[in-house]
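Worksheet: the structure to be examined is printed underneath.
Throughout, read-outs are computed from the coordinates displayed, never taken from laboratory work. Not measured: the values here are computed from a predicted model. Reconstructed Cβ throughout: ideal geometry from the backbone, glycine too, with neighbour counts over all protein chains shown.
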Amino acid sequence: MIPDRVHITGASGSGTTTLARRLATEHGHRPVDTDDFYWLVTDPPYTTKRPPDERLSLLRAELASASRWVLAGSLCGWGDPLIPDFQLVVFILVPQGVRSSRLRAREVERYGTEAVAPGGLRYEAAEAFLAWAALYDEGGLDVRSRALHEDWLKQMECPVLRLDGNAPVAELVMKLEQACAKAV
């Protein structure tokens, strides 16, 4: 049985949101994404960070309103007070090249081909985002990086499951189900 309170984390483009949505659909959890709390609603989106105390308060309220939830995204540092609430943490690992391809496709899907093409309205922002995301494997503890996630995972009071995000989402769900069945 899948635990009631699951957190899925990894690099941007690793598939945390996709896996969380599928898990929620198949197992009756409420899907929750850290980006909805980290960022203020702006046009264009993802340009203004919400103050840390406010994002934590809003996220706590959202999680408290559901008995079963799956939280996708990164909350290292600002979300640390939630660590005792997690019953399982899933860490998705995906090679940088795959993540970059996924993120570039997502930028096109969100904003359109013309907007993210050279000279487009979102070109510079998209390129800056992709450059930031590409630093994940080499970054230190001062940025969202694999080193930061690995260090953060050491604080977990619950099991941590590592999954290869190259696998299809159905296979990831199956591996998660199998790991949970073994733990019972």
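Structure data summary
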quantity	calculated
Only Lys, Arg (+1) and Asp, Glu (-1) charged, at Cβ; the chain dipole about Cα centre in debye	360 debye
The range 61-82-the range 115-171 distance, computed between alpha-carbon centres (Å)	18 Å
Of all DSSP beta bridges in the range 7-173, antiparallel share, percent nearest 5	5 percent
Environment charge at Trp69 (Cβ cut-off 10 Å; Lys +1, Arg +1, Asp -1, Glu -1)	0
Ranked list, fewest to most other Cβ atoms within 10 Å of each Cβ, for Val173, Val98	Val98, Val173
Nearest 10 degrees, 0 to 90: helix 16-27 Cα axis against the chain principal axis	40 degrees
Net charge of neighbours whose Cβ lies under 15 Å from the Cβ of Met156, counting Lys and Arg as +1 and Asp and Glu as -1	-2
Likely footprinting exposure, His149, His29, His7, fewest C-beta neighbours within 10 Å first	His149, His29, His7
Per-residue Cβ neighbour rank within 10 angstrom, fewest leading, Arg162, Arg146	Arg162, Arg146
Calculated [θ] (222 nm, deg cm²/dmol) that DSSP helices of n ≥ 4 give over the chain, each run adding -39,500 (n - 2.57)	-13500 deg cm²/dmol
Alpha-carbon centroid distance for the pair the range 85-106 / the range 1-23, whole angstrom	9 Å
Rounded tilt (10° steps) of 123-134 against the dominant C-alpha axis of the chain	40 degrees
Neighbourhood net charge (14 Å Cβ-Cβ; Lys/Arg +1, Asp/Glu -1) for Arg50	-3
